[in-house]
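Asker: Quick one: this structure, given as structure tokens, is what I'll be asking you about.
The values are calculated or read from the model by the stated rules, or taken from the named source; none is laboratory data. Since this is a predicted model, take the numbers as computed values, not measurements. In this analysis, Cβ positions are derived from the backbone assuming ideal geometry, glycine residues included, and neighbour counts consider all displayed protein chains. In case anyone asks, the SASA skips ligands and DNA or RNA and just uses the protein heavy atoms, side chains included. Shrake-Rupley method; radii C 1.70, N 1.55, O 1.52, S 1.80 Å.
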Amino acid sequence: MEHSYEINDPRVLKVVAHPLRVRLLGLLRAEGPATASELGRVVGESSGSTSYHLRVLAKYGFIEEDPDRHDARERRWRSRHLYTSWDNVRMAATPEGWEAVRIIQARQVEMLAREMRAFEQSPDPDWLSVAGMSDYLAELPPAGVREFAERVGELVRELITRYAGHPEARHVQLWAAAFPRESRDSEASDTEASDTEEDT
């Protein structure tokens, strides 16, 4: 499996922004090769529906038939890459590209919420002390946020290598996010502007 699929075409990013497709791709990356029927049972869709969306993902290079695990009755699919990446600046150059980025980010938030609910419904005692979320408030320039993202990636790759084959290792979803916050002064100005507009 290749490391990353870098997307330069907004239309291709929009293909994977579809809610079912992005979930199917995530399952193939996390759980390994599967057929349309197997995936359909997981996501609650018919095999016809999942089969269609898998063919679309294959057409645009996200997945491929698994040559190592043939199924005489049904195609078995696998992901071609561990990650999907894109350049926000390049995508934001067109309305279509920026819409695709917004949809993908919304899907990531939905996935985080789904995984969080699943853990809360049946928490594993061995993981209670480490599972969850933390948020930090920092004053940084864009260069600092870029460094944060790069160092997180480096750390994740280092940890994957160090703990490869560890008896307690499980698939773990890790998220990193950074967005600039509006200052209180900006929020107050927005409120004042709204109040003024309502009075006229």
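Asker: Filter the stretch 48-66 down to the residues that are in contact (Cβ under 8 Å) with a residue 12 or more places away in the chain and hydroxyl-bearing (Ser, Thr, Tyr), then identify the one that is nearest to LEU82 (Cα to Cα).
Answerer: Only one residue fits best here, namely TYR60.
Asker: Tell me, which residue of the stretch 151-167 that is in a helix (DSSP H, G or I) and either under 22 Å from VAL89 (Cα atoms) or not charged (D, E, K, R) (or both) is farthest from the chain's Cα centre (by Cα)?
Answerer: Of the residues in the stretch 151-167, the ones in a helix (DSSP H, G or I) are 151-162.
From the residues that got through so far, the ones that are either under 22 Å from VAL89 (Cα atoms) or not charged (D, E, K, R) (or both) too are 151-153, 155-156, 159-161.
On the way: ARG151: 18, VAL152: 15, GLY153: 14, LEU155: 18, VAL156: 15, LEU159: 20, ILE160: 18, THR161: 21 Å.
The selected residue is THR161.
Asker: What are the pairs, 6+ residues apart or on separate chains, where a residue within the stretch 159-184 that is open to solvent by less than 100 Å² (accessible area, probe 1.4 Å) has its Cβ under 6 Å from a residue that is outside any loop (DSSP other than H, G, I, E, B)?
Answerer: GLN173/GLU115; ALA176/VAL152; ALA178/VAL145
Asker: What pairs come up if the first residue lies in the stretch 19-42 and is more than 23 Å from SER4 (Cα to Cα), the second is basic (Lys, Arg), and their beta carbons are under 8 Å apart, counting only those six or more places apart or on different chains?
Answerer: These pairs meet every condition: ALA36/ARG75.
Asker: While we're on this one: How many of the residues in the stretch 47-57 are of a type outside the set (S, T, N, Q) and open to solvent by 30 Å² or more (accessible area, probe 1.4 Å)?
Answerer: Restricting attention to the stretch 47-57, the residues satisfying the condition of being of a type outside the set (S, T, N, Q) are 48, 52-57.
So of that shortlist, the ones also open to solvent by 30 Å² or more (accessible area, probe 1.4 Å) come out as 48, 52, 55.
Residues in the stretch 47-57 being of a type outside the set (S, T, N, Q) and open to solvent by 30 Å² or more (accessible area, probe 1.4 Å): 3 in total.
Asker: Within the stretch 76-87, does at least one residue satisfy the condition of being open to solvent by 50 Å² or more (accessible area, probe 1.4 Å) and in a loop (DSSP other than H, G, I, E, B)?
Answerer: Here is the first cut: in the stretch 76-87, the ones open to solvent by 50 Å² or more (accessible area, probe 1.4 Å) are 78, 80, 82-83, 86-87.
Those still in the list that are in a loop (DSSP other than H, G, I, E, B) too: 80, 87.
Within the stretch 76-87, one or more residues are open to solvent by 50 Å² or more (accessible area, probe 1.4 Å) and in a loop (DSSP other than H, G, I, E, B).
Asker: Any idea how many residues of the stretch 7-20 are in a helix (DSSP H, G or I), open to solvent by less than 50 Å² (accessible area, probe 1.4 Å) and closer than 21 Å to ASN88 by Cα? Spell out the reasoning first.
Answerer: Kept after step one, since they are in a helix (DSSP H, G or I), are these residues of the stretch 7-20: 10-16, 19-20.
Going one step further and asking which of them are open to solvent by less than 50 Å² (accessible area, probe 1.4 Å), we end up with 10, 12-13, 15-16, 20.
Retained after the next criterion (residues that are closer than 21 Å to ASN88 by Cα): 10, 12-13, 15-16.
Of the residues in the stretch 7-20, 5 are in a helix (DSSP H, G or I), open to solvent by less than 50 Å² (accessible area, probe 1.4 Å) and closer than 21 Å to ASN88 by Cα.
Asker: For the subset of the stretch 28-46 comprising residues that are among the hydrophobic types (A, V, I, L, M, F, W, C) and surrounded by fewer than 18 Cβ atoms within 10 Å (Cβ to Cβ), which member is modelled with the lowest pLDDT? Steps first, please.
Answerer: Here is the first cut: in the stretch 28-46, the residues among the hydrophobic types (A, V, I, L, M, F, W, C) are 28, 30, 34, 36, 39, 42-43.
After this cut, where a residue has to be surrounded by fewer than 18 Cβ atoms within 10 Å (Cβ to Cβ) as well, the list is 30, 42-43.
On the way: ALA30: 86, VAL42: 94, VAL43: 93.
Across the stretch 28-46, the extreme among qualifying residues is ALA30.
Asker: Go through (1) open to solvent by less than 40 Å² (accessible area, probe 1.4 Å); (2) not in a loop (DSSP other than H, G, I, E, B) and name the single condition GLY61 misses.
Answerer: GLY61 satisfies every listed condition except (2).
Yes/no per residue for (1) open to solvent by less than 50 Å² (accessible area, probe 1.4 Å); (2) in contact (Cβ under 8 Å) with a residue 12 or more places away in the chain; (3) of a type in the set (Gly, Ala, Ser); (4) part of a helix (DSSP H, G or I):
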| site | (1), (2), (3), (4) |
| --- | --- |
| ARG90 | no, yes, no, yes |
| GLN108 | no, yes, no, yes |
| ALA113 | yes, no, yes, yes |
| SER129 | no, no, yes, no |
| GLY132 | no, no, yes, no |
| ALA138 | no, no, yes, no |
| VAL145 | no, yes, no, yes |
| ALA149 | no, yes, yes, yes |
